[in-house]
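The numbers here are math on the coordinates, done by the rules we state, and not lab data. What you see is a predicted model, and the numbers here were worked out from it, not measured in a lab. Cβ sites come from the backbone with ideal geometry, for glycine too, and all protein chains shown count toward neighbours.
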Amino acid sequence: MKKSFIKTIEENGIEALSLIIAIAIWQVVADKIVQNKLLLPSFYDVIVSFFAIIESGLIFTDTLTSLLHFFVGILAAFVIGIPLGIVMGWFKKANRAIDPIIEILRPIPPLAWIPFAIVWFGLTHQAAGFVVFVGMIFPIIINTYTGFKNVPKVYVEAAKVLGCTRNLDLIRHVAIPSAMPSIVAGIRIAMGVGWMCLVAAEMFGVSNRGLGYQIWHNYYLHRMDFVLVYMLLLGFVGLLIDRFFRYYVDAKLLKWTSGTVV
Amino acid sequence: MGRVSIKNVSRIFKKEDKSSTEALKNVSFDVGDGEFVCLLGPSGCGKTTLLRIIAGLETLTSGDITLNGVSITGPDPKRGMVFQQYSLFPWRTVIDNVTFGLEMQGIDKAESRKHAEKYIELVGLKQFKNSYPYELSGGMQQRAAIARALANEPEVLLMDEPFGALDAQTRNILQDELLRIWEQRHVTFIFVTHSVDEAVVLSDRIVVMTARPGRIKEIVEVDLPRPRSRTSPEVNRLRDRVLKLLEEERFHR
């Protein structure tokens with residue numbers, strides 16, 4: 001136990017040192033040079049605020065609320081985006097029918113949907129989820145579509161001569177696994193976009209809880225130390241989601257690509 | 001049983017600008033049950049097109065191809081195919097590739113694995129059955145592709161220059177192994193190649209085709225005893241004869 005701890009320090013020495021120095025500079029600049037909590041709260045202030053929201057339990061309700069919004073959005077984007085991308089990638093006519101609609105909707109920034117989100121869903125979790133959904137669906141559709149377009153012809157033909165001839169079977173047994181790296185890349189991009197949309201949606205009043213909401217709320221109270229805590233929390237939760245997803249996907253779904261250059 | 005009969009097959013490819021290419025013209029020949037036939041010809045002569053039509057991956061413009069008297073209309077597991085490009089599914093291990101056709105037939109997992117293992121052993125990949133294709137060399141990938149095609153127990157095995165991307169030594173080894181498999185399994189082979197050496201070593205008959213549009217120039221009987229030496233005087237004489245046939249095609253163009 002102790003040995004492995006020392007080893008970790010040895011292995012990650014440079015990274016840890018760099019972080020410590022950055023924090024030290026931040027602390028000194030905030031405490032000795034700026035000397036204004038509104039302009040720049042110090043590291044110490046942030047830590048104190050962090051423990052304050054842990055004690056009050058706010059951290060848990062807000063994080064869980066934000067995660068709930070996120071998963072409402074991601075679920076909807078999966079359920080609608082992946083099948084749409086598949087149909088567009090596999091059937092030429094479906095692509096011709098759906099593509100113009102998507103190309104018109106796609107350039108609209110997801111945040112422009114916030115008024116309609118509120119009108120349609122009220123101040124609910126679904127409303128925030130909807131904004132996340134709008135941000136996520138296009139990268140998912142487009143990457144699924146691209147993955148399907150790029151399925152090597154030889155795999156499809158090999159499957160056909162092995163007795164896999166129905167469209168549904170070809171999609172399930174050949175096209176989806178072959179397109180998986182592209183679909184997964186789309187999901188990762190989408191998760192980044194969705195996370196940003198989530199915060200913006202919560203800030204602009206689609207919700208009265210959540211990490212984004214708290215940033216705006218504390219800004220009104222001029223508690224910039226809390227603003228900073230929530231900012232850092234957003235960063236860490238986003239990072240964790242991405243890492244967790246990558247770990248799971250690389251280990252389970254994309255094991256077979258480890259030899260190829262992606 | 002796998003008797004293939006090809007009657008007056010023509011194939012014209014039409015492009016969007018209304019121009020058209022005649023790939024095959026009035027090709028007719030029969031392949032007997034359990035026979036090993038090579039299709040040989042200059043590049044672009046339509047030999048791969050013909051093979052793809054037999055596989056059901058391509059349509060014919062006129063004529064008819066039958067397997068045991070039944071016209072071919074689309075792909076069918078009775079006609080297995082090995083491609084020139086590496087065609088193993090990279091997301092499946094060797095054994096899962098070999099069981100693919102069996103799964104499609106609805107055979108349950110345990111039984112299809114048992115069945116697949118026989119064929120993996122036949123091509124000498126027992127140690128690698130749980131490897132992914134990226135972990136295999138080109139030669140091993142083609143062996144696995146052969147095992148995958150054989151596992152469906154096809155009546156005809158169609159091979160489209162399967163060893164074209166391999167180095168000369170691996171090629172020779174795989175040719176010998178293919179003949180061993182052919183002798184053990186009662187399967188009809190139709191093998192496309194541009195290599196005269198390969199055709200002479202492998203086949204019972206060589207169908208030599210003309211340059212585009214592909215017609216049959218001559219069907220050469222190879223009645224040399226097996227196993228064949230690659231350098232015996234008889235083999236060399238035959239090789240010389242086939243090479244001359246191909247050379248004529250070059251000057252005719």
Per GNM of chain B with C-alpha springs under 10 angstrom, the most fluctuating residue out of B:Glu117, B:Glu155, B:Glu183 is B:Glu183
Going by how many other beta carbons lie within 10 Å of each one, how would you line up A:Phe121, A:Phe130, fewest first? A:Phe121, A:Phe130
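What FRET efficiency do you get for A:Asn208 and A:Leu17 if R0 is 35 Å and r is their Cβ-Cβ distance, rounded to the nearest 0.05?
In this case the efficiency is close to 0.25.
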Highest-MSF residue in chain A out of A:His69, A:His125, A:His222 [GNM, Cα springs under 10 Å]: A:His222
When B:Ser203, B:Ser5 are ordered from fewest to most other Cβ atoms inside 10 Å of their Cβ, what list results? B:Ser5, B:Ser203
Given the options B:Pro225, B:Pro75, B:Pro162, which has the most mean-square fluctuation in a GNM of chain B, springs set between C-alpha atoms less than 10 angstrom apart? B:Pro225
Hydrodynamic radius (Kirkwood) for region B:88-153, which is based on Cα pairs only, to one decimal in Å: 11.2 Å
10 Å Cβ neighbours from other chains, averaged over peptide B:81-91: 6
Between A:His222 and A:Phe78, take the C-beta separation as r, use R0 = 45 Å, and let me know the FRET efficiency to the nearest 0.05. 0.65
Among the listed pairs A:Lys149/B:Lys109; B:Lys18/B:Lys47; A:Lys160/B:Lys118; A:Lys160/B:Lys78; B:Lys217/B:Lys244; A:Lys153/B:Lys126, which have their C-alpha atoms separated by more than 20 angstrom in this model? A:Lys149/B:Lys109; B:Lys18/B:Lys47; A:Lys160/B:Lys118; A:Lys153/B:Lys126
Per the Cα gyration tensor, chain B corresponds to an equivalent ellipsoid with semi-axes, largest first in Å, of 30, 23, 17
Among the trypsin sites (Lys or Arg not before Pro) within region A:150-257, which fall in a DSSP loop and have no more than 14 other Cβ atoms within 10 Å of their own Cβ? A:Arg166
Magnitude of the charge dipole, region A:37-254, Cβ model with Lys/Arg +1 and Asp/Glu -1, debye to 20: 860 debye
Pairwise label distance in nanometres, B:Asn130 with A:Phe244, each label 7 Å out on the Cα-Cβ vector: 3.0 nm
State to the nearest 20 debye the size of the charge dipole of the protein assembly as shown about its Cα centre, where the only charges are +1 on K and R beta carbons and -1 on D and E beta carbons. 500 debye
Residues in region B:133-149, backbone N under 12 Å from the label point at B:Ile107 (7 Å along the Cα-to-beta-carbon vector): list them, ranges by number please. B:148-149
With every atom except the alpha carbons ignored, what do you get for Rg and Dmax of the protein assembly as shown, in angstroms? 32.0, 99
Cα gyration tensor shape for region A:70-146, rounded if a/c is under 1.5, else prolate or oblate: prolate
Within 10 Å of the Cβ of an average residue in A:174-184, the count of other chain Cβ atoms is 1
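Suppose we keep just the DSSP beta bridges with both residues in the protein assembly as shown; what percent of those would be antiparallel, to 5?
50 percent
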Per residue, how big is the convex hull of region A:37-254 when only Cα atoms are used? Give it in Å³. 136 Å³
Take peptide B:68-79, look around each residue's Cβ out to 10 angstrom, count Cβ atoms belonging to other protein chains, and average those counts. 2
Provide the FRET efficiency to the nearest 0.05 for the A:Ala97-A:Lys255 pair, computing r from the beta carbons and using R0 = 45 Å. 0.80
